[in-house]
Amino acid sequence: MRRVRANGPRPPRWVSGRLRMRGQGPQTDDTGERHATWLELFLDLIFVYALAAVVRRLGDDPTPSPSAVLAVLGLFVVVQWAWLGQVFYDTRFDPDDVPHRLLVLVALVGAGTMTLGVDEVPESVLLPVGYLVVRGVLLVLYLRARPTSPQARTVTTIYLCGFGSGWLIWLASLAAPASTRPTLWIVAMIIELATPWVGKRWLNRFPVDDQHLPERIGQFTIIVLGSALANLLFAVPDHPRTHMIVTAGLAFLVPAAVWWVYTTFVTTRETRRRLRGGQTYAYLHIPLGAALLLLGWALGQMVRLADDEVVRLPVELRLVLAASITVWMLCGLALHWVWNRPSIGRLGIAGYGIGSAVLITTVVHEPKLMLALLSVAVVGYAVLLTRRLAATADGSTDVGQG
């Protein structure tokens, strides 16, 4: 696999001195594989709190309005996109020198500012200011990498033009009235999200690291699942009765099954095939991650309502639950499609999973019974899918994902 290395022509004077990239590329281990660095894992910590702040906007109201759900989804996209930008840079460059480390620490401050601003969007400017810092650091990093090779100039030109345009719109939003800021943010995000697709032809010539990118995106997915588990944990009352422990245990089976399927897929290493610029793989994880975030919130609400002896779940909560499970499974099927056309068996597993989740959330209204049936259905889905994945690892041509 070809990786953009920082060993090309001599950088011009404007990048010399302390900000000059010293010629080393991404750090690898003794086997030549690229893994997450300590700095990358340190950056992840602040995004744990950012995700918690995003889902906290829904609160404990089990009947969220469509606008509230859409706001949470939009904020999740902003947070994950800010994180993904750094990942895509690191997978191609990441000299891990002193200037790089200092710049990433500045980006961490920006991510913290975003986290503080989530609760007060759109009135507060903390979110856009934090985003401007994070993306501004990314632009500076690409400017550092630009002179290092002809390949780097191609990659960085695409990103600097697209992401720079989005950055300017985010900057302009600071002077706009609070009511119009979300519109400007949406326009900026559309431009930024479209940039890797517009430049796909050129970016695919210099593919991302096929070990590093799946590993990093997988780590973010685990962070999202951790947020789901936190929602369950906080939903359990102090000194819980036996039936509440059982209820929480049933709810836990759902994210546990998600984790089981996802990690089984990643360890098959099918993600290394046809990854190229990584656009499809990364973009499919955006709705997948959003679905898991909402799934954790919905499960937490169900546990709370079960503790309150509610006999009928509100329709809004059941819709969020059904939609989140459906989107998770559809994203898994789409990820499958990236590498292989799904077989009849794989389509059947997806049909079983989606059909059972929709049927249960439509017909069953009592929290404890729904959790019991849903956990059985999702665990059954995980068992069927992991068996197919195991067959893939043993040499089968069929590939699956959850």
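The values are calculated or read from the model by the stated rules, or taken from the named source; none is laboratory data. All values reported here derive from a predicted model rather than from experimental measurement. Reconstructed Cβ throughout: ideal geometry from the backbone, glycine too, with neighbour counts over all protein chains shown.
Is segment 232-239 home to any residue that is at negative phi and touching a strand residue (DSSP E or B) at 6+ places or on another chain (Cβ under 7 Å)?
Checking segment 232-239: not a single residue is at negative phi and touching a strand residue (DSSP E or B) at 6+ places or on another chain (Cβ under 7 Å).
Do we have Trp185 as closer than 24 Å to Ile46 by Cα, modelled with pLDDT of 90 or more, aromatic (Phe, Trp, Tyr) and assigned by TED's automatic domain parsing to the domain that holds Arg276 here?
no
Any residue at all in segment 205-224 that's aromatic (Phe, Trp, Tyr) and buried (at least 16 other Cβ atoms within 10 Å of the Cβ)?
yes
I need every pair where a residue in segment 52-63 that is closer than 12 Å to Pro314 by Cβ has its Cβ under 9 Å from the Cβ of a residue that is small (Gly, Ala, Ser), sequence separation at least 6 or different chains.
Taking only residues 6 or more apart or on different chains, the pairs are Asp61/Ala68; Pro62/Ala298.
Inspect segment 179-191 for any residue being of a type outside the set (A, V, I, L, M, F, W, C) and under 16 Å from Trp81 (Cβ atoms) and give the result as yes or no.
Looking for residues that are of a type outside the set (A, V, I, L, M, F, W, C) and under 16 Å from Trp81 (Cβ atoms), one finds at least one in segment 179-191, hence yes.
What number of residues within segment 72-120 satisfy the criterion of being in contact (Cβ under 8 Å) with a residue 60 or more places away in the chain and among the small types (Gly, Ala, Ser)?
Looking only at that region, the number is 5.
Test of understanding: among Ala235, Ala282, Ala257, which residue is over 23 Å from Asn340 (Cβ atoms) and either in the same structural domain as Pro367 (by TED's automatic domain parsing) or surrounded by 15 or more Cβ atoms within 10 Å (Cβ to Cβ) (or both)?
Ala235
Just to be sure before I move on: is Pro122 in the same structural domain as Arg181 (by TED's automatic domain parsing), crowded, with 22+ Cβ neighbours inside 10 Å and out of contact with any Gly (no Cβ under 7 Å at 6 or more places or on another chain) in the structure I sent?
no
Give the residue, chosen from Ala145, Ala175, Ala194, Ala152, that is in a loop (DSSP other than H, G, I, E, B) and either under 25 Å from Asp94 (Cβ atoms) or assigned by TED's automatic domain parsing to the domain that holds Thr91 (or both).
After applying the criteria, what remains is Ala175.
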